[in-house]
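> Could you have a look at this structure, given as structure tokens, before my questions?
The values are calculated or read from the model by the stated rules, or taken from the named source; none is laboratory data. Predicted model only: the values in this text are computed from it and were never measured. Glycine gets a Cβ as well: all are built from the backbone with ideal geometry, and neighbour counts include every protein chain shown. We work out accessible area using only protein heavy atoms, side chains counted, and drop any ligands, DNA or RNA first. Shrake-Rupley method; radii C 1.70, N 1.55, O 1.52, S 1.80 Å.
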Amino acid sequence: EACDERGWSDGLPVVPPTQERVLAMLEGTTRAADEVLGPMPSNLDTCTVEKVAINAVMAGCRPEYMPVVLAAIEAVLEEDYCLHGTLATTRFVGPVVIVNGPIAQQIGMNGKGNALGQGNRANATIGRAVQLAVRNIGGGKPQGVDRATLGNPGKLTYCFCEDEDGSAWEPLVVDRGLPAGTNAVTVFAGFGLQGVIDDKARSPEELVETFATSLRAVDNVNKFPGPDCLLVVCPEHENTLMEGGWDKARLHKELMARMVVPAESVMRGTHGMAEGVNPKLAGKTVSKLVPTGLLIVRAGGGAGKFSGIIAGWTPGTPESSRPVTKEIKS
């Protein structure tokens with residue numbers, strides 16, 4: 001109640017950040033408590049390791065989660081992520097944290113069944129610590145700086161790890177330019193999960209059409225370009241692709257090719273919608289995603305042909321938010 005009265009809560013009960021608890025949290029990292037990570041938008045207050053530890057306590061983290069939390073905070077503070085923009089937008093987005101590397105299993109994260117749901121302390125509290133830090137250090141409070149029209153439940157916490165051990169694909173961290181086996185976090189400005197269900201596809205060609213159709217519908221079927229997207233592929237769908245000889249690079253290439261459509265098919269007035277591309281583009285093609293606008297990860301339980309799309313804020317251009325990957329330090 002005392003924390004809630006002071007405006008430190010996300011609406012759920014928090015663990016009071018007593019001096020003893022904060023000192024214990026700081027034992028989870030070798031970094032100095034007074035190390036400055038940078039100014040935290042939107043208030044631009046100085047974000048230190050100690051301030052992050054305070055919010056990690058309130059979120060319910062264990063000390064061994066601190067290196068992951070710190071890396072995620074450093075990532076959202078990068079200019080490319082555009083934290084102020086993702087806070088101030090009226091859209092739905094908040095930081096989605098994807099963890100790669102052995103550290104995920106060392107701290108007990110979940111990348112398997114219900115990976116994007118409740119029930120795993122590391123997933124839940126790491127994502128919550130990031131959100132609380134943005135709120136309490138940066139001032140990102142709803143109906144204040146945070147101007148989201150609706151928001152999404154992931155703004156409480158949105159964190160999972162890629163199931164690298166269960167996958168035949170190279171992990172996201174390799175796509176992001178780091179060696180396989182690197183402990184790293186990738187932050188993505190995303191909103192609620194859009195389910196992609198295909199029980200019938202038995203070939204990559206059939207399944208990729210389902211993925212592509214679902215991606216083209218993000219935001220609005222007529223809205224081109226759309227936001228960056230994170231595609232979370234479940235194990236059964238990965239198996240369908242692998243059995244047909246498709247690796248992740250092939251899936252990515254085929255999907256991006258299917259993002260390009262004739263402008264007339266999504267022009268204003270098509271499907272009875274006012275939304276759509278400018279009629280001046282008649283005779284040309286348009287793409288739903290910018291060239292760097294699709295990330296693919298593998299996660300989920302072994303049963304069920306259910307993948308998902310996490311749509312982003314805007315097309316990932318220098319003027320908007322782009323995914324950021326940070327190596328995890330001890």
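> Quick test for you: out of Lys248, Lys253, Lys223, pick the one residue that is out of contact with any helix residue (DSSP H, G or I) (no Cβ under 9 Å at 6 or more places or on another chain) and either of a type in the set (Lys, Arg) or under 30 Å from Met66 (Cβ atoms) (or both).
Lys253
> Considering only residues that are of a type in the set (Ser, Thr, Tyr) and in contact (Cβ under 8 Å) with a residue 60 or more places away in the chain, which ones fall in the stretch 10-45?
Thr29, Thr30, Ser42
> With (1) closer than 25 Å to Thr48 by Cβ; (2) open to solvent by 30 Å² or more (accessible area, probe 1.4 Å); (3) of a type in the set (Phe, Trp, Tyr) as the list, and Phe92 as the residue in question, which single condition is left unmet?
(1)
> Sticking with this structure for a sec: Might you check whether a residue that is free of Cβ contacts under 8 Å to residues at least 12 places away in the same chain and part of a loop (DSSP other than H, G, I, E, B) occurs anywhere in the stretch 190-204?
Yes; the residues of the stretch 190-204 include at least one that is free of Cβ contacts under 8 Å to residues at least 12 places away in the same chain and part of a loop (DSSP other than H, G, I, E, B).
> With the condition being touching a His at 6+ places or on another chain (Cβ under 9 Å), open to solvent by 30 Å² or more (accessible area, probe 1.4 Å) and touching a residue at least 24 places away in the same chain (Cβ under 8 Å), I'd like the strands (runs of 3 or more DSSP E) fully within the stretch 216-322 carrying at least 1 qualifying residues.
Filter on the stretch 216-322 gives 306-312.
> What residue, among those in the stretch 1-26 that are under 22 Å from Gly139 (Cα atoms) and charged (D, E, K, R), is nearest to the chain's Cα centre (by Cα)?
Step by step, filter the stretch 1-26, then rank; the result is Asp10.
> Tell me, which helices (runs of 4 or more DSSP H) wholly within the stretch 4-82 include 3 or more residues that are farther than 20 Å from Asn183 by Cβ?
19-26, 49-59
> I'd like the full set of residues that are of a type in the set (A, V, I, L, M, F, W, C) and either on the phi > 0 side of the Ramachandran plot or more than 20 Å from the chain's Cα centre (by Cα) (or both), limited to the stretch 183-221.
Correct list: Ile197, Ala201, Leu207, Val208, Val221.
> Filter the stretch 115-127 for residues that are open to solvent by 10 Å² or more (accessible area, probe 1.4 Å) and among the polar types (S, T, N, Q); which is farthest from Val57 (Cα to Cα)?
Here the residue is Gln118.
> Identify all residues within the stretch 58-78 that are over 19 Å from the mean Cα position of the chain (by Cα) and surrounded by fewer than 24 Cβ atoms within 10 Å (Cβ to Cβ); write none if there are none.
Correct list: Gly60, Arg62, Pro63, Glu64.
> Criterion first (of a type in the set (Asp, Glu) and surrounded by fewer than 17 Cβ atoms within 10 Å (Cβ to Cβ)) does Glu170 satisfy it?
yes
> Only one of these is touching a residue at least 24 places away in the same chain (Cβ under 8 Å), surrounded by fewer than 21 Cβ atoms within 10 Å (Cβ to Cβ) and touching a helix residue (DSSP H, G or I) at 6+ places or on another chain (Cβ under 8 Å): Lys141, Lys112. Name it.
Exactly one residue qualifies, and that residue is Lys141.
> Please specify each residue of the stretch 152-167 satisfying the condition of being surrounded by 18 or more Cβ atoms within 10 Å (Cβ to Cβ) and either out of contact with any strand residue (DSSP E or B) (no Cβ under 9 Å at 6 or more places or on another chain) or in a loop (DSSP other than H, G, I, E, B) (or both).
Within the stretch 152-167, Thr157, Tyr158, Glu162, Asp163, Glu164, Ser167 qualify.
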